[in-house]
Amino acid sequence: MDDNAYMARAVRLAERGVGWVSPNPLVGAVLVKDGRIIGQGWHARCGGLHAERAALADCREDPAGAVLYVTLEPCCHTGRQPPCTDAILAAGIRRVVVGSMDPNPLVAGKGVKILRAHGVEVETGVAKAACDALNPVFFHYIRTRRPYVVMKYAMTLDGKIAAYTGASRWITGEAARQRVHRDRHRYRGILAGVGTVLADDPLLTCRMPGGRNPVRVICDTHLRTPLKSRVVRTAAQAETIFATCVADPRRIAPYTDAGCQVWTLPEQGGRVQVSALMDRLGAAEIDGVLLEGGGTLNWAMLEAGLVQRVQAYIAPKLLGGAGAKSPVEGRGAAAPDQGVRLKNMTVTALGADFLLEGDVDADVYGTH
C-alpha cells in the first residue's frame, strides 16, 4: 500500500464519527511500521480521544519509527484533549503524512511546524480532496463561528412541496426519507419555521437506528407554536429551541415549563433576524444545520447569504395548482441572472426519486 491507500483508510475511519463529534472535525488516523498497520483510530465523540491518540492507544507494538497517516493536521493546543503533537513526539513517530491543514487559528500550520522542529518528517496535502470533503462543516464553522447550513426540501417535478390543499405527505418515497434521517443524524441542528409546524406538526427527529436527534430550532417570530404540538410535547426527549421576537415572560413561561429553550432575538422586517440566530447558534456550538423550512424561511436564509449547500429531493410526479407551495418564496430574484447559483452539482437516484445537491457559489452569492 502507498501513502494514498493508507490515507484512504484513514478517511474511512474518520467517517465513523459522523453525527457524534460536533463541533469538532471528523478525523481518522493509521499507524504503519515496516509496511504493516500497527494501530488505527478515529475521533469517535466530542471530548473523547483525538484520532492520533486513539491510534496510539490501539497500537499493538512499539510505535517508535512508525509513519502516522492522519486526515487533519495534528493539534498543538489544549482544548477538551491535550495536544496531539505531544503524543506524536513522545511515541517516537518518524514521519507524519497529513491530508488537510487545520484552519483553526490555534493550529493553522503550527502543528506541522512543531513536528518538523523536532525532527519529524512531515508531508502535507496527501489525498487532500478526500480529506477536505470530510469537514466542510468544521471548516466553515471555525472560520465564521456560524453554522454550515444545508437547505433541504422535497418537491415534485413541477416544483411543488405540497398539494393545493396543503397536503405534503409524502412527496418522496422511503429511500429518500431514509437519506434525510441520516442527515438529521449528521448535522447538529435542524431549523424549521412556525409555518411548517402549524401545517405539518412534525417531530423533526432522527429515526435512523442508533442515530442522534438534532437540536430542533423553530423560527417563530410571534410565538404561535401550539403548546400541544409535537415539538413542544417532546422537548424533554429532544432539545428544542424557539427563536422569537417575543420578550414577555408570561408568553415565554409555558414553553420553558415544557422543557424548551426560548431565545428572544432582534427583529428585522417583521421577522426574527436570521443572522442573529446564526450567531447565537454558533455561540452554542451548533456547527451544522439542516434547514427544513418552508418557502418564506428558505428565502430569508438565502437572501441573508446564510446557506452553504442545497439538497433538492425530486419526485417524478406532477401536482399542479397555481396556489400550491414552492420551496423558495419570499421576494425572489428580479431576473434569472440574479438568482442564487449552485456549483459542484451531483445527482443521486434514491428509489424512484432523485437527489440533486450542490454548493452555493459564494463568488456570486448575494448578487440577487
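The values are calculated or read from the model by the stated rules, or taken from the named source; none is laboratory data. Just so you know, these numbers come straight off a predicted model, no measurement behind them. Glycine also receives a Cβ, built like all others from the backbone with ideal geometry; neighbour counts cover every protein chain displayed. Note: accessible area is taken over every heavy atom of the protein model, side chains too, but ligands, DNA and RNA are not part of it. Shrake-Rupley method; radii C 1.70, N 1.55, O 1.52, S 1.80 Å.
Of all residues in the range 38-58, which are outside any helix (DSSP H, G or I) and closer than 17 Å to residue 99 by Cβ?
Filtering the range 38-58 down to residues outside any helix (DSSP H, G or I) leaves 38-50, 58.
Within the range 38-58, 40, 41, 42, 43, 50 qualify.
Report yes if some residue within the range 194-216 is within 17 Å of residue 277 (Cβ to Cβ) and in contact with a Phe, Trp or Tyr (Cβ under 8 Å, 6 or more places away or on another chain); otherwise report no. Even if it seems obvious, please write down each step before you answer.
At the first step, the residues of the range 194-216 found to be within 17 Å of residue 277 (Cβ to Cβ) are 194-197, 204, 214-216.
Next, from what is left, pick out any that are in contact with a Phe, Trp or Tyr (Cβ under 8 Å, 6 or more places away or on another chain): 214.
Among the residues of the range 194-216, at least one is within 17 Å of residue 277 (Cβ to Cβ) and in contact with a Phe, Trp or Tyr (Cβ under 8 Å, 6 or more places away or on another chain), which makes the answer yes.
May I ask you to list the residues in the range 153-167 that are under 14 Å from residue 294 (Cα atoms) and open to solvent by 30 Å² or more (accessible area, probe 1.4 Å)? Working first, answer last.
First, pick out the residues of the range 153-167 that are under 14 Å from residue 294 (Cα atoms): 153-155, 159-163, 166-167.
Of everything in the range 153-167, those that are under 14 Å from residue 294 (Cα atoms) and open to solvent by 30 Å² or more (accessible area, probe 1.4 Å) turn out to be 153, 155, 160, 161, 166, 167.
Please determine whether any residue of the range 69-88 is open to solvent by 20 Å² or more (accessible area, probe 1.4 Å) and under 30 Å from residue 179 (Cβ atoms).
Pass one, the range 69-88, residues open to solvent by 20 Å² or more (accessible area, probe 1.4 Å): 76-82, 86.
Next, only the ones that are under 30 Å from residue 179 (Cβ atoms) stay: none.
Within the range 69-88, none of the residues are open to solvent by 20 Å² or more (accessible area, probe 1.4 Å) and under 30 Å from residue 179 (Cβ atoms).
Any chance you could count how many residues in the range 6-23 are touching an Asp or Glu at 6+ places or on another chain (Cβ under 9 Å) and either in a helix (DSSP H, G or I) or crowded, with 21+ Cβ neighbours inside 10 Å (or both)? Steps first, answer last, please.
Kept after step one, since they are touching an Asp or Glu at 6+ places or on another chain (Cβ under 9 Å), are these residues of the range 6-23: 22-23.
So of that shortlist, the ones also either in a helix (DSSP H, G or I) or crowded, with 21+ Cβ neighbours inside 10 Å (or both) come out as 22.
Of the residues in that region, 1 qualify.
Can you spot a residue in the range 315-337 that is at pLDDT 95 or above, under 25 Å from residue 25 (Cβ atoms), in a strand (DSSP E or B) and of a type in the set (A, V, I, L, M)?
no
Could you tell me which residue of the range 96-139 is farthest from the chain's Cα centre (by Cα), considering only residues that are among the acidic types (Asp, Glu) and either over 30 Å from residue 283 (Cβ atoms) or not in a helix (DSSP H, G or I) (or both)? It would help to see each step written out before you state the result.
Filtering the range 96-139 for residues among the acidic types (Asp, Glu) gives 102, 121, 123, 132.
From the residues that got through so far, the ones that are either over 30 Å from residue 283 (Cβ atoms) or not in a helix (DSSP H, G or I) (or both) too are 102, 121, 123.
Working: 102: 17, 121: 33, 123: 29 Å.
Once the filter is applied, the top-ranked residue is 121.
Please specify each residue of the range 68-79 satisfying the condition of being free of Cβ contacts under 8 Å to residues at least 40 places away in the same chain and of a type outside the set (S, T, N, Q). So that I can check it myself, show each step before the final result.
Applying the first criterion (free of Cβ contacts under 8 Å to residues at least 40 places away in the same chain) to the range 68-79 yields 68, 75-79.
The answer is 68, 75, 76, 77, 79.
Would you call residue 71 over 30 Å from residue 184 (Cβ atoms), of a type in the set (S, T, N, Q) and in contact with a helix residue (DSSP H, G or I) (Cβ under 6 Å, 6 or more places away or on another chain)? Before the answer, list the steps.
Numbers: over 30 Å from residue 184 (Cβ atoms): no; of a type in the set (S, T, N, Q): yes; in contact with a helix residue (DSSP H, G or I) (Cβ under 6 Å, 6 or more places away or on another chain): yes.
No: the conditions fail for residue 71.
To keep it simple, each residue is scored yes or no on (1) charged (D, E, K, R); (2) exposed (fewer than 15 other Cβ atoms within 10 Å of the Cβ); (3) under 27 Å from residue 187 (Cα atoms); (4) touching a residue at least 40 places away in the same chain (Cβ under 8 Å).
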| residue | (1), (2), (3), (4) |
| --- | --- |
| 65 | no, yes, no, no |
| 120 | no, no, no, no |
| 125 | no, yes, yes, no |
| 130 | no, no, yes, yes |
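In this structure, is residue 357 touching a residue at least 12 places away in the same chain (Cβ under 8 Å), charged (D, E, K, R) and open to solvent by 50 Å² or more (accessible area, probe 1.4 Å)?
Judged against the criteria, residue 357 is not a match.
Does the range 25-36 hold any residues that are at pLDDT 95 or above and assigned to a loop (DSSP other than H, G, I, E, B), and which are they?
Residues satisfying the conditions are 25, 26, 27.
Pairs please, first residue from the range 99-116 and under 14 Å from residue 24 (Cβ atoms), second anywhere and in a loop (DSSP other than H, G, I, E, B) and among the polar types (S, T, N, Q), Cβ atoms under 8 Å, 6+ apart in sequence or on different chains.
Once the first residue is under 14 Å from residue 24 (Cβ atoms) and sits in the range 99-116, its partners that are in a loop (DSSP other than H, G, I, E, B) and among the polar types (S, T, N, Q) give 100/135.
Go through the range 190-305 and tell me which strands (runs of 3 or more DSSP E), entirely inside it, have 3 or more residues that are in contact with a strand residue (DSSP E or B) (Cβ under 6 Å, 6 or more places away or on another chain) and open to solvent by 10 Å² or more (accessible area, probe 1.4 Å). Break it down stepwise before answering.
Working: elements: 215-219, 240-244, 261-264, 288-291.
Fully inside the range 190-305 and qualifying: 261-264.
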